[in-house]
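Since every read-out is calculated from the coordinates, none of them should be taken as a lab result. Small disclaimer: the values here were computed from a predicted structure and weren't measured. Positions of Cβ are generated from backbone atoms using ideal geometry, with glycine treated the same way; all protein chains shown enter the neighbour counts.
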Amino acid sequence: MLGSTHGTLTTDFRARVEACGETPRTAVHSTAAPADGDAAELDVSGRPLHSDVPDLDRFFRPESVAVIGASDADGRPNTGITRQLIAWAGRVGARIHPVHPTRATVFGLPCHASVADLPEQVDLAVLLVSDPVPVIEQLADTKVKFAVAFASGFAETGAAGAAAQARLTTAVQRSGLRLLGPNTNLNAFEEFREDLDGPAIALITQSGHQGRPVYTLQELGIRLSHWAPTGNEADLETSDFISYFAEQPEIGAIACYVEGLKDGRQFLLAADRAARNGVPVVAVKVGRTETGARTAASHTGKLTGADTVVDAAMRQFGVIRVDGLDELQDTAALLARARPPRADGVVVYSISGGTGAHFSDLATEAGLTLPTLSAAKQQELHQWIPDYLGVANPVDNGGHPVGDWRGRKIIDAILADPSVGVLICPITGPFPPMSDKLAQDLVDAAEATDKLVCVIWGSPVGTEEAYRTTLLGSSRVATFRTFGNCITAVRAYLGHHRFTASYRSPFDDAPRTPSPSFRKAQALMRPGQQLSEHAAKQLLRAYGIRVPREQLVTSAAAAVRAAGLVGYPVVMKASGPQLGHKTELGLVKIGLTSASQIRDAYRELTDIARYENIPLDGILVCQMVERGVEMVVGVTQDDLFGPTVTVGLGGVLVEVLHDAAVRVPPFGEDQARHMLTELRGHPLLEGVRGAPPADVDALVEVILRVQRMALELGDVLSELDINPLMVLPRGQGAVALDALAICR
């Protein structure tokens, strides 16, 4: 998992930025979320830098509840719901007030004809009606804090339903209350076990049934404290609950099932709050196969689909994305209960060499670090394990000792190694009494250490005493049923703690006021149009991004003079506001070394443009820059998150290689560097086959300047594509050889 720290800018970089008229904000480390009074502060793009944390205490623990549409009639759906709500109110200590126009009592409780007749101001109104809008309007006068709408038939049903949901949202906004739903269910009012201790999991689901596997973790002894079934999110959304849960001291992890995010910035602010507080957020987000249908003229636009951006944004702010509900429950459970790691090293301990080798292969492939134990440690282990068995890691005991104390000695010795933070013991099947003794020794060792001990109980039966009682009976052993889920959870556990240990919020240092570059750039914008390459490069110059020496000419004679000034060899390119990819049209000529070649190229380029009916603003005569690594850096607009920044391998094969990394502004220098390490082609920047290392610092600087452009011009810049950005050898900078910009 990549970290999302926001490191202090280097002195050289700061000087170059200030020379461009942009003064970076001084980095001030912040460990706590800002006060809610700062919630209105905006960044330079007009987006909020902080979000309010809704006070949901009275939603989850109300003192009084109104059930509107309550019933006790046999066979009525509302009857079962009313009964469950009465039972839930009893558990949380709330007074409950049924509301129904024709009933005097419901389940023996006095029933009120309308909300106007309620005997007190209630904290929560539960709406068991098909059209909640009129009731919401009535509730506005009662000053109720929260309402829940179960009714379906809204945005999930199409255009007409979306219009009905818009009316509901408007009514809620006017009322001043906060609404859960519509199209939600009773999950918030489930019975949670009170006999379990330790940090709890808080659950957020847009589809109630998808939360059942996490809810049933209680049967395995893992505490669950809250369940927020957000439904259609006409008002309260996933982000609200993440922000609230991140502030609750009892919550060790937040588990989410997300079908769609309502507001990208609010989601990032919520994830940021969780990261500041060190609370892990684990999420299943459906939609991986979405292509994010969009029409994009730039290479960058073709590189990023909607889910690519969601995935990048989650990693950027430390949200752990998993695929399956089984991964969700296992990863959330581990993160909620495990103490922070003492080291990143993982040791595999098994009773079979084959099991150890198999698991080690999978763990290493997944990125876990399996350190080789020191010679001294191996010698110590061989006191109790035969010399012919391997103990370097994985540790093969050849069969866990059953009749004496040696088994516990082995486990304790492994855990005592300072390079070891996690011990994993895969037990592929029960083999009593050996597996029983092994399970007990692992539990005893786990109770005596602050390091993580994981066991994989591979039996498909799961009724064995060693599993049901010994392993599940310990809160200090993390027990899994599959290799894959164990590896996923341990990787997330180590990654989360690395991430939060150095996390600083990018919102703290996000620019609040426009730079001088912004004023220069505004004059270049042409709403609804694509800029010519010449104009796009002027835009880059405004933000201090280096471009080649070049001149725009409108005659062959002027081209010859320009070539003399630029310096041979030169590149000649057609420049016009409707030109995108010039190479395919033959509108680029490279390596020109004489006046005659210049004149011929000018004539050919203008003839092609005339034949293709392409208007030109002239021909560019450019300095030829050859030696370097071709990259692409760009900006695209995402419907959910707004402007995004992409970097990848550039050149004519950019869309074939599809090697790119994405970030959602704001982000810092560290994230810009992480983007580069995510690329499969990253070794090219380090120098391969005798090529010198590239100027990575200059590339990072370009990424950050493009981010500033994205933030300041997000309302007027639809797409930006710098391709290729030639990254020269170390110390020589980076040059934008071509650029495409489309105004909104």
- Task: Along Cα→Cβ, 7 Å out, is where each label goes; now give me the distance between the ones at E219 and S152 in nm to one decimal.
- Result: 2.5
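Grab the alpha carbons of the chain, take their convex hull, and tell me the volume per residue in Å³.
Details: hull volume 139.6 nm³, N = 744.
Cα convex hull per residue, to the nearest whole number: 188 Å³.
Beyond 19 Å, what percent of the Cα pairs of segment 129-239 remain? Could the numbers behind the result be given before it?
Details: 3003 of 6105 pairs.
When every Cα pair of segment 129-239 is considered, 49 percent fall beyond 19 Å.
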- Fully extended, how many nm does the chain gain between E686 and I590 (0.36 nm per residue separation, minus their Cα-Cα distance)? 31.9 nm
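Given the peptides 599-606, 509-516, arrange them by the average over their residues of other C-beta atoms within 10 Å, most packed first.
Values: 599-606: 18.5, 509-516: 16.9.
Result, highest mean first: 599-606, 509-516.
Among bridges DSSP assigns within the chain, what percent are antiparallel (round to 5)? Spell out each step's value before the answer.
Details: 45 of 98 bridges.
Here the share of antiparallel DSSP bridges comes out near 45 percent.
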- Message: Just want the ordering: E190, E550, from fewest to most Cβ atoms lying within 10 Å of their own Cβ.
- Response: E190, E550
- Note on the structure: When R708, R83 are arranged by how many other beta-carbons sit within 10 Å of their Cβ, fewest first, they go R83, R708
- Note on the structure: Along the dipole axis of the chain (charges at Cβ: +1 for Lys and Arg, -1 for Asp and Glu; origin at the Cα centre), the most positive-end residue among A562, I385, I136 is A562
- Kindly flag which residue pairs out of K520/K589; K285/K451; K262/K537; K409/K451; K262/K520; K377/K437 have an alpha-carbon separation exceeding 25 Å in this structure. K520/K589; K285/K451; K262/K537; K262/K520
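Semi-axes of segment 629-743's equivalent ellipsoid from the Cα gyration tensor, sqrt of 5 times each eigenvalue, largest first, rounded to whole Å?
Numbers: eigenvalues 107, 39, 34 Å².
For segment 629-743, the semi-axes come out at 23, 14, 13 Å.
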- Task: Can you pull the one-decimal nm distance between simple spin-label points at S459 and D639, each 7 Å off the Cα toward Cβ?
- Result: 5.0
- Burial order of peptide ranges 449-460, 85-96 (average beta-carbon count within 10 Å, highest first): 449-460, 85-96
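Report relative contact order for the chain in percent, whole number only (criteria: Cα-Cα under 8 Å, sequence separation at least 6). Walk me through the intermediate numbers first.
On the way: 1571 pairs, mean separation 91.9, N = 744.
Result for the chain is 12 percent.
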- Message: Taking 2.2 N^0.38 Å as the expected size of a compact globular protein, what ratio does the Cα radius of gyration of segment 57-180 give against it, to two decimals?
- Response: 1.03
- Item | Length added when fully stretched, T482-L389, from 0.36 nm per residue minus Cα-Cα | 31.0 nm
- If r is the Cβ-Cβ distance from D323 to A166 and R0 is 35 Å, what FRET efficiency results, to the nearest 0.05? 0.60
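Using a Förster distance of 41 Å, how high is the FRET efficiency between A343 and E247, based on the Cβ-Cβ distance and rounded to 0.05? Each step should come with its number before you reach the end.
On the way: r = 30 Å, r/R0 = 0.73.
According to the calculation, E is roughly 0.85.
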- Assuming R0 = 41 Å, can you tell me the calculated FRET efficiency for the pair R288 and R627, based on Cβ-Cβ distance, to the nearest 0.05? 0.55
- Message: Whole-Hz ³J(HN,Hα) for each residue in segment 126-138, computed from phi via Karplus 6.51 cos²θ - 1.76 cosθ + 1.60 with θ = phi - 60°, x for glycine and proline: what do you get?
- Response: 9, 9, 9, 10, 6, 10, x, 4, x, 5, 4, 5, 5
- Query: Per-residue HN-Hα couplings for segment 97-112, Karplus 6.51 cos²θ - 1.76 cosθ + 1.60 at θ = phi - 60°, whole Hz, x for Gly and Pro?
  - Reply: 10, x, 10, 7, x, 10, 10, 8, 9, 9, 6, x, 9, x, 10, 9
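Contact order normalised by length for segment 516-623, with contacts defined as Cα pairs under 8 Å and 6 or more residues apart; what percent is it? Walk me through the numbers on the way to the answer.
Details: 171 pairs, mean separation 37.5, N = 108.
It rounds to 35 percent for segment 516-623.
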- Item | Amide H within-cut-off set for V322, under 5 Å, with H built and near neighbours excluded | A283, V284, K285
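What is the local net charge at A94, summed over the other residues whose Cβ is closer than 11 Å to its Cβ (Lys, Arg +1; Asp, Glu -1)?
+2
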- Task: Return the distance in nm (one decimal) between the two label points of a simple spin-label model at S130 and S475, each offset 7 Å from Cα along Cα→Cβ.
- Result: 4.9
- Please list the radius of gyration and Dmax for segment 345-501, considering alpha-carbon atoms only, with Å as the unit. 14.4, 44
- Task: Starting at the first residue of segment 341-354, write each ³J(HN,Hα) from the Karplus equation 6.51 cos²θ - 1.76 cosθ + 1.60 with θ = phi - 60°, in whole Hz, x for Gly and Pro.
- Result: x, 8, 7, 8, x, 10, 10, 9, 10, 9, 9, 9, x, x
- For the chain, the dipole about the Cα centre with charges only on Cβ (Lys and Arg +1, Asp and Glu -1), to the nearest 20 debye, works out at 1660
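Highest first, please rank the peptides 362-369, 262-269 by the mean number of other Cβ atoms sitting within 10 Å of their residues.
Most protected by this proxy first, the peptides run 262-269, 362-369.
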